[in-house]
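What follows is a short report on a single structure.
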Amino acid sequence: LDGGEDLRIDSGLGDVVFDREVGAARALDSLTVSATGRTHINGGLVATRGEQVYGGVVDLGADTDFLTKGGDVSFFQGVDGNRHALRVDALNGNIAARGAVSAGALSLTGGEVAWAEALTADSLRGEV
């Protein structure tokens, strides 16, 4: 899934599944997943030029990079990393999670980083 467009997904109570990389060849302008179900990221990469917003719990099926060149990355219900590595790089933006976050290795790069609940990781690296 590539392109220079904004992508908004609202599946209501259902889950959203990304089985491949998102924005690998050409980053999306922004991504908003407003579903209250889980968002499964199995492709290992989500890249945008602007913000990334995830309304439900994000479930990682692989080591995953969330990259943005000019916006915030917001996890409204947290991240279930399933012991996978989680890297969030919000160049010129902030990182926020309102729910619990768990991961194997965790790497955070952004302006401000805010967690509202528990953060569990095997290792932590951050540049803020």
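Within region 20-63, the set of residues being among the polar types (S, T, N, Q) and open to solvent by 10 Å² or more (accessible area, probe 1.4 Å) comprises S30, T32, S34, T36, N42.
Is it the case that some residue within region 3-10 is at negative phi, in contact (Cβ under 8 Å) with a residue 24 or more places away in the chain and within 13 Å of the chain's Cα centre (by Cα)?
Let us first name the residues in region 3-10 that are at negative phi, namely 4-10.
If we keep only those that are in contact (Cβ under 8 Å) with a residue 24 or more places away in the chain as well, we get 4-10.
Those left that are additionally within 13 Å of the chain's Cα centre (by Cα): none.
The answer is no, given that none of the residues of region 3-10 is at negative phi, in contact (Cβ under 8 Å) with a residue 24 or more places away in the chain and within 13 Å of the chain's Cα centre (by Cα).
Tell me whether region 104-118 contains one or more residues that are part of a loop (DSSP other than H, G, I, E, B) and within 23 Å of L1 (Cβ to Cβ). No, every residue in region 104-118 fails to be part of a loop (DSSP other than H, G, I, E, B) and within 23 Å of L1 (Cβ to Cβ). In region 83-128, the qualifying residues are those that are among the basic types (K, R) and within 13 Å of L60 (Cβ to Cβ), and the one that is most open to solvent (accessible area, probe 1.4 Å) is R83.
Evaluation of T36 against the conditions (1) outside any loop (DSSP other than H, G, I, E, B); (2) polar (S, T, N, Q); (3) closer than 22 Å to L119 by Cα shows that the sole unmet condition is (1). Given the structure, is V17 surrounded by fewer than 17 Cβ atoms within 10 Å (Cβ to Cβ) and either in a loop (DSSP other than H, G, I, E, B) or of a type outside the set (K, R) (or both)? Yes; evaluated as a whole, the condition is true for this residue.
Can you tell me which residue among F76, F66 is closer than 22 Å to R8 by Cβ, surrounded by fewer than 23 Cβ atoms within 10 Å (Cβ to Cβ), among the hydrophobic types (A, V, I, L, M, F, W, C) and within 13 Å of the chain's Cα centre (by Cα)? Give the steps one after another, and end with the answer.
On the way: F66 fails: surrounded by fewer than 23 Cβ atoms within 10 Å (Cβ to Cβ).
Selected residue: F76, the only one of F76, F66 that is closer than 22 Å to R8 by Cβ, surrounded by fewer than 23 Cβ atoms within 10 Å (Cβ to Cβ), among the hydrophobic types (A, V, I, L, M, F, W, C) and within 13 Å of the chain's Cα centre (by Cα).
The values are calculated or read from the model by the stated rules, or taken from the named source; none is laboratory data. Given the structure is predicted, the values throughout are model-derived calculations rather than measurements. Every residue, glycine among them, receives a Cβ derived from its backbone with ideal geometry; neighbour counts consider all protein chains shown. All accessible areas refer to the heavy atoms of the entire protein, side chains included, with ligands and DNA or RNA removed. Shrake-Rupley method; radii C 1.70, N 1.55, O 1.52, S 1.80 Å.
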